[in-house]
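J.: Supplied in structure tokens, the structure appears directly below.
The values are calculated or read from the model by the stated rules, or taken from the named source; none is laboratory data. Every value quoted in this text rests on a predicted model; they were computed, and no experiment measured them. Cβ sites come from the backbone with ideal geometry, for glycine too, and all protein chains shown count toward neighbours. Calculation scope for accessible area: heavy atoms of the full protein, side chains included, ligands and nucleic acids excluded. Shrake-Rupley method; radii C 1.70, N 1.55, O 1.52, S 1.80 Å.
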Amino acid sequence: GNATEDDCGICEGDNSTCTGCTDSEALNYDSDATIDDGSCIFDYDLPPEFFEFNQSSLQAFYFFQTASINLELLEPEDWVGVFKGDLCVGAKKWDTSVCSEGVCEIAVMGDDDTSLTDGYMNPGDVPEFKIFDYSTGNIYPAIPSEENEWSDLGLFIVDSLNVYPDC
């Protein structure tokens, strides 16, 4: 009749039996896959260990026009983290190609009275920012061009976030 084989050689198939990550450098490489489905995950796709945080029902959003280290724009593999003391309360891989018109935002989590967010941001707290340089493995304190006190559902547009060289 009209039955056809899919790209995996399955009669009336949907290509699902041979799709997966075909890049051998990826963390989730599938040696059986012959069709790449775009699901590859690389080391730089995962947050650095110190940039892990829990989701909260209370959030504020900080939008940055630019982010840089020594006035060099961040690379797509770099990460920006937000901290309250030593506690990470938000993080994002800084790939401006997937941000709205190159302006990236970070959701900064608040303390919503659950054990998962204990110690997170409260109204009036000022978040601290850090940048993870993937190419060197270094984490640097970063300074926003203006400081904004955290508030639930706050929206803050900040010109820049920069790491400045030591004297």
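J.: Compute log10 of I(q)/I(0) for region 71-167 with the Debye formula, placing one identical point scatterer on every Cα and leaving out solvent, at q = 0.14, 0.19 Å⁻¹, to two decimals.
T.: Summing over Cα pairs of region 71-167 leads to -0.54, -0.97.
J.: Find, to one decimal place in angstroms, the Kirkwood hydrodynamic radius of region 19-75, where the mean of 1/r is taken over every pair of different Cα atoms and then inverted.
T.: Every distinct Cα pair counted, the radius reaches 14.8 Å.
J.: Additional query: Once you charge only the Cβ atoms, +1 for Lys and Arg and -1 for Asp and Glu, what is the size of the charge dipole of region 92-167 about its Cα centre, to the nearest 20 debye?
T.: Charge dipole, region 92-167, about its Cα centre: 380 debye, nearest 20.
J.: In whole Å, largest first, what are the principal axis extents of the Cα atoms in the chain?
T.: Its Cα atoms span 70, 41, 28 Å along the three principal axes.
J.: Would you work out the relative contact order for region 61-119, in percent, from Cα pairs under 8 angstrom that are 6 or more residues apart?
T.: 34 percent
J.: Tally up the carbon and sulfur contribution to the accessible surface of the chain as a whole percent, 1.4 Å probe, everything protein left in place.
T.: After summing per-atom areas, the C and S share lands at 48 percent.
J.: For region 1-82, what is the charge dipole size about the Cα centre, in debye to the nearest 20, if Lys and Arg each add +1 at the Cβ and Asp and Glu each add -1 at the Cβ?
T.: Magnitude of the dipole: close to 480 debye.
J.: Right, here's the next one. I'd like the antiparallel share, as a percent to the nearest 5, of DSSP beta bridges with both residues in the chain.
T.: Rounded to the nearest five, the antiparallel share is 70 percent.
J.: Hey, another quick one. For the chain, with only Lys/Arg (+1) and Asp/Glu (-1) charged at the beta-carbon, what is the dipole magnitude about the Cα centre, in debye rounded to 20?
T.: Dipole about the Cα centre, nearest 20: 540 debye.
J.: So what is the orientation-averaged projected area of region 78-121, using the convex hull of its C-alpha atoms, in nm²?
T.: Directional mean of the projected Cα hull area for region 78-121 stands at 3.5 nm².
J.: Compare the Cα positions of 22, 104, 38 along the charge dipole of the chain (+1 at Cβ of Lys, Arg; -1 at Cβ of Asp, Glu; about the Cα centre) and return the one farthest towards the positive end.
T.: Result: 104.
J.: Continuing with this model, one more query. For a Förster distance of 25 Å, can you work out the FRET efficiency between the beta-carbons of residue 98 and residue 55, rounded to the nearest 0.05?
T.: With a Förster radius of 25 Å, E is 0.80.
J.: Moving on to the next point. Contact order normalised by length for the chain, with contacts defined as Cα pairs under 8 Å and 6 or more residues apart; what percent is it?
T.: Computed over the chain, the figure is 21 percent.
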